[in-house]
Structures are given as structure tokens and as C-alpha cells.
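Have a look at the structure below before the remarks.
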Amino acid sequence: MAAYIRGFMLFSYLAFAMQATQSERFPAKPEPFGYKLTWLAVRDADPFELLHAVNVDQGTVFSANWYGGLDKVYRWNATFITPPVDDWTFVINPILSGLSDEKTLTFLQKLSAQFAEVQFYGNHRVANYGAWGRFVNEEAIRLFSTGEAIELDQGQRTEIEEQIIAKGKQSFIEDSPDDLEQLADSFFLGDEDDVMEMAGLWSINPQTLDNQPETFALGLLIVPKIS
């Protein structure tokens, strides 16, 4: 049974490779993404340069447009390095742990030394997980993460974060005023929509990508190896 499943997956991969080759003839619009995902936004990055930086022997590489790339992110747990959008290239579903992991922090700092600026975003509503981080020239400018074993709230908060906190406190006062003083300000941050707002502040909110024009440019899809 296991051999049959591996064979079916291999056939699916080969079929996708043929489809990806055909898709080079057709333009595709950038597609919105972001919920229940982790992604990086990297400034002024060529997808092939990013491939060498993030593909740590994790799979087979295909060319793909936005539709094909995002489809395989969700269906095959693949990683998709998008074509550039304005000044930003996204790495969707990178093989990384959260911001509380020292290896992840070190990797992102080194990546920002190569590409000047790197941003990390992640969210999952069911796990109450929300995270964002901004790295510039190897320095961690702002780190926030909730829903992990180790929570982070480092660096100066942005005006948008302060507005989110103020709005959350106001709602809490209306519902449970006696409990408010027991809560840290960071309690009010980390919703999945907060993650999108922070992405819009620092780079591009991925939920707005359908406003972008069609492009002939293809991204790079990294499909996990079959074990």
C-alpha cells in the first residue's frame, strides 16, 4: 500500500512538472494568501538567489505561476518562492520554526545581511498563533510572537500595534473591566488580521495581491521529497 501511495505521488509530481512547463506560456495574477500560513517578505530579492538561501536540500524544484504555486503549498505542503511584487519577493511556507527558535532567528538575521531586509509572518487561528518580525542588515528590529511555548515582544512597537492594543482594551473595558489591569498589553496582539495589518505596514498585505496586474514571471516551487 505504501509503495502504491509513493508511486501515485511520484506520478502526480511528474504530471505537475509537465503542467508547469506549459504554464510558462500564460500570464497569471498574483493571488491572495496568508491565513494559516508562514511566509517571508524579502526586499529586492531575485527568486533564484533566494532559492539558494532557503532550499536546504528539502525537495525538488519546479517553475510555477501564482496559481500553481499556491495550490501546491496547500495540497502538498510545498514551499513557493513567488515572482517579485513591487520591491518584495515572498517565500510562502518556508521550512522554519517560529520566531522563538534560535535557529530561525539566526537564519533570518543572516538572510537580512544578504538581502538587506527580511520580514517573517505567521498565523494560525486554531492555535491562537500570531507572529511578525522585521530584520534589517542583520539586526532584529521588532519581534512579536504569541501562541508558542516562548512568547516574544521585543523592540519598539509600531503605531499600528499601539492602535490595536488601544482598541482591544476598549472592548475589554466594555465586557470585563475588572480584569483589564491583570493583562499585559501584548495580550491584545496576535490576531490573524493583526498579522495582515503588520504585513501591509512593512511590505505588502498578501490579502490585497489580487489588485496587482498579471505577470508572465514565474516563481519557484520546492516540492518535499518522497521518503
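The values are calculated or read from the model by the stated rules, or taken from the named source; none is laboratory data. Please read all numbers here as calculations on a predicted model, not as lab measurements. Glycine also receives a Cβ, built like all others from the backbone with ideal geometry; neighbour counts cover every protein chain displayed. When the accessible area is computed, the model is the full protein with side chains, heavy atoms only, and any ligands, DNA or RNA have been set aside. Shrake-Rupley method; radii C 1.70, N 1.55, O 1.52, S 1.80 Å.
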Which residues qualify? For residue 205, with a placed amide H closer than 5 Å and at least 5 residues away or on another chain, they are 200
Measure out, as a whole number of angstrom, how far apart the alpha-carbon centroids of region 25-46 and region 104-147 sit. 17
Amide H to amide H under 5 Å from residue 125: which residues, 5+ apart in sequence or cross-chain, H placed 1.01 Å off N in plane? 36
Take the solvent-accessible surface of the protein heavy atoms, probe 1.4 Å, and return the percent of it on region 27-155 that carbon and sulfur atoms account for. 47
With the 1.4 Å probe rolled over protein heavy atoms, region 27-139 has an accessible area per residue in Å² of 43
Checked against the positive end of the charge dipole of region 117-214 (+1 on Cβ of Lys and Arg, -1 on Cβ of Asp and Glu, about the Cα centre), the farthest of 155, 140, 165 is 140
I need the phi-derived Karplus couplings for region 183-199: 6.51 cos²θ - 1.76 cosθ + 1.60, θ = phi - 60°, integer Hz, Gly and Pro marked x. 9, 6, 4, 5, 4, 8, 10, x, 5, 4, 6, 4, 4, 5, 4, 5, 4
Sequence-distant or interchain residues sharing an amide H contact under 5 Å with residue 78, placed H: which? 73
Hydrodynamic radius by Kirkwood, which averages 1/r over all alpha carbon pairs of region 105-167, in angstrom: 12.4
How large is log10 of I(q)/I(0) for region 49-191 at q = 0.13, 0.14, 0.15, 0.20 Å⁻¹ when the intensity is taken from the Debye formula with one equal scatterer per alpha-carbon? -0.69, -0.78, -0.87, -1.29
